[in-house]
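Here's the structure we're looking at; comments come further down.
The values are calculated or read from the model by the stated rules, or taken from the named source; none is laboratory data. The structure displayed is predicted, hence computed values, not measured ones. Note: ideal-geometry Cβ built from the backbone for every residue, glycine included; neighbour counts use all protein chains shown.
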Amino acid sequence: MSYFKKSGIIGYAGLVLLLIMNSVYAQPGFKMPTMPAVEQPPGDFASADEHYAFLLAQANGGTQHTIESLPQWTGLWSMGLNTTAEIFFEETDFFLTLGPGGTVREGVLTPAYEQQFRERRAEIDQYGEQLYDRLTNCEYPGVPRWIWEPYVKEFVHMPNQTWMMNDMMNETRRIYIGQEHKNIDGTHSSTGDSIGFWDGDKLVISTMYVNPADYARNMPLTSNQFSMVETWQQETDETGAQILVTQVTFYDPLALVEPQSAVYLHTYSAELEEAGLRVRNWECSTSSNSYKDENGSTMFYLPGDPEYKDPRGYTDFPDLPGQSKDPIFDAQ
């Protein structure tokens, strides 16, 4: 007998997202940050390359920072709200992305991608969730989903590179400062190729060569022609909290009728640092108990099923001492 279950009313990922956002916004004295206005591109650009080149010229080639002068976004940063829902829905409620409801905005996506999105939303309306999500198959979220994945992010700035590290599935984006795009392998990847420059304390990024993925669970798909331009800047909001404001413009000639823009927030999470939280390495392929059934739905093996994998089990050499994956409880 096979033991399995579906992934919940709004989906496991949506539930996790709700819990994380509730924990962030439920902190004593916490006030919801005011969402900044979405910044539209300073012109009608045919591509992300053209957009990025304009911003680079406007910044006179960018600020040449030293290690001493670089802005430092130290600490842990938690995902906050964003305006992506406003692109694809008539309504403007961020939480429409997590469950049923919402009216798909016409004419934003190309006909084939709009039809697929409507089918996805119909599935959510019928079952209360998206029945299959790439993360349950240990696939990386990719961009732009990377920007608003839950848990925390860390940032390291150097004069020639910026490392943007996401706790979710260990996705690290490397932003090559003052360089051109390269595609040595001649293929795409989950986080693509990112180049950037500093305009004072603002980091400007261009990303391309991204695997087709989606904007988030329950949101539209992206094509292999997707690219984007981002600006990241640390600010202090009206409550005195430290926030990172990310303005993004998405380009995707196969999926979008025209470029679309959104703004994302991250908040500095001092309480997580004080609690001693550290970003740990994700391990998915040998511990995940999810699978896709014959109908394409995400299911989970439960304890008792022959296919169930104990995430605190053993390596391929269980007869040797010290091969447990839970060494804290190994007998000495």
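Determine the pairs where a residue that is at positive phi, located within segment 146-169, has a partner that is surrounded by fewer than 18 Cβ atoms within 10 Å (Cβ to Cβ) and not in a strand (DSSP E or B) with Cβ atoms under 6 Å apart, the partner being 6 or more residues away or on another chain.
Here the result reads Met169/Trp282, each pair linking segment 146-169 to a residue that is surrounded by fewer than 18 Cβ atoms within 10 Å (Cβ to Cβ) and not in a strand (DSSP E or B).
How many residues are aliphatic (A, V, I, L, M), buried (at least 16 other Cβ atoms within 10 Å of the Cβ) and more than 18 Å from Val156 (Cβ to Cβ) if we restrict to segment 47-75?
Within segment 47-75, residues that are aliphatic (A, V, I, L, M), buried (at least 16 other Cβ atoms within 10 Å of the Cβ) and more than 18 Å from Val156 (Cβ to Cβ) number 3.
Being charged (D, E, K, R) and either touching a Ser or Thr at 6+ places or on another chain (Cβ under 7 Å) or surrounded by 14 or more Cβ atoms within 10 Å (Cβ to Cβ) (or both) is the requirement here; does Glu106 meet it?
No: the conditions fail for Glu106.
A quick yes/no check of all residues on (1) surrounded by fewer than 23 Cβ atoms within 10 Å (Cβ to Cβ); (2) charged (D, E, K, R); (3) on the phi < 0 side of the Ramachandran plot:
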| residue | (1), (2), (3) |
| --- | --- |
| Ser190 | yes, no, yes |
| Asp193 | no, yes, yes |
| Gly200 | yes, no, no |
| Asp214 | yes, yes, yes |
| Phe226 | no, no, yes |
| Trp232 | no, no, yes |
| Thr236 | yes, no, yes |
| Gln242 | yes, no, yes |
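Could you list, in sequence order, the residues of segment 231-268 that are within 15 Å of the chain's Cα centre (by Cα) and small (Gly, Ala, Ser)?
If the condition is that a residue be within 15 Å of the chain's Cα centre (by Cα) and small (Gly, Ala, Ser), then Ala262 is the only one that fits.
Surrounded by fewer than 16 Cβ atoms within 10 Å (Cβ to Cβ) and over 29 Å from Thr136 (Cβ atoms) - does that describe any residue in segment 282-305?
no
For (1) of a type outside the set (Asp, Glu); (2) in a helix (DSSP H, G or I); (3) closer than 26 Å to Gln247 by Cα, each residue gets a yes or a no:
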| position | (1), (2), (3) |
| --- | --- |
| Ser78 | yes, no, yes |
| Gly107 | yes, no, yes |
| Gln130 | yes, no, no |
| Thr136 | yes, yes, no |
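Of the conditions (1) without any contact (Cβ under 8 Å) to a residue 40 or more places away in the chain; (2) outside any loop (DSSP other than H, G, I, E, B); (3) within 24 Å of Leu221 (Cβ to Cβ), Ala57 fails just one. Which one is it?
Evaluating Ala57 over (1) without any contact (Cβ under 8 Å) to a residue 40 or more places away in the chain; (2) outside any loop (DSSP other than H, G, I, E, B); (3) within 24 Å of Leu221 (Cβ to Cβ) leaves (3) as the failure.
With the requirement that a residue be in a helix (DSSP H, G or I) and under 10 Å from Thr191 (Cα atoms), what does segment 146-173 give you?
Scanning segment 146-173 gives a single hit, Trp146.
Does Lys182 fit the bill of being modelled with pLDDT of 95 or more, under 21 Å from Phe54 (Cα atoms) and more than 21 Å from the chain's Cα centre (by Cα)?
Criteria met by Lys182.
What are the residues in segment 109-126 that are part of a helix (DSSP H, G or I) and either acidic (Asp, Glu) or in contact (Cβ under 8 Å) with a residue 12 or more places away in the chain (or both), if any?
Tyr113, Glu114, Gln116, Phe117, Arg118, Glu119, Arg120, Arg121, Glu123, Ile124, Asp125
Among the residues that make up segment 80-99, is at least one of them of a type in the set (A, V, I, L, M), in contact with a strand residue (DSSP E or B) (Cβ under 6 Å, 6 or more places away or on another chain), under 20 Å from Trp148 (Cα atoms) and not in a helix (DSSP H, G or I)?
For segment 80-99, residues of a type in the set (A, V, I, L, M), in contact with a strand residue (DSSP E or B) (Cβ under 6 Å, 6 or more places away or on another chain), under 20 Å from Trp148 (Cα atoms) and not in a helix (DSSP H, G or I): present.
State all residues of segment 186-226 that are in a loop (DSSP other than H, G, I, E, B), over 16 Å from the mean Cα position of the chain (by Cα), within 30 Å of Glu68 (Cβ to Cβ) and not acidic (Asp, Glu); if no residue qualifies, say none.
Gly200
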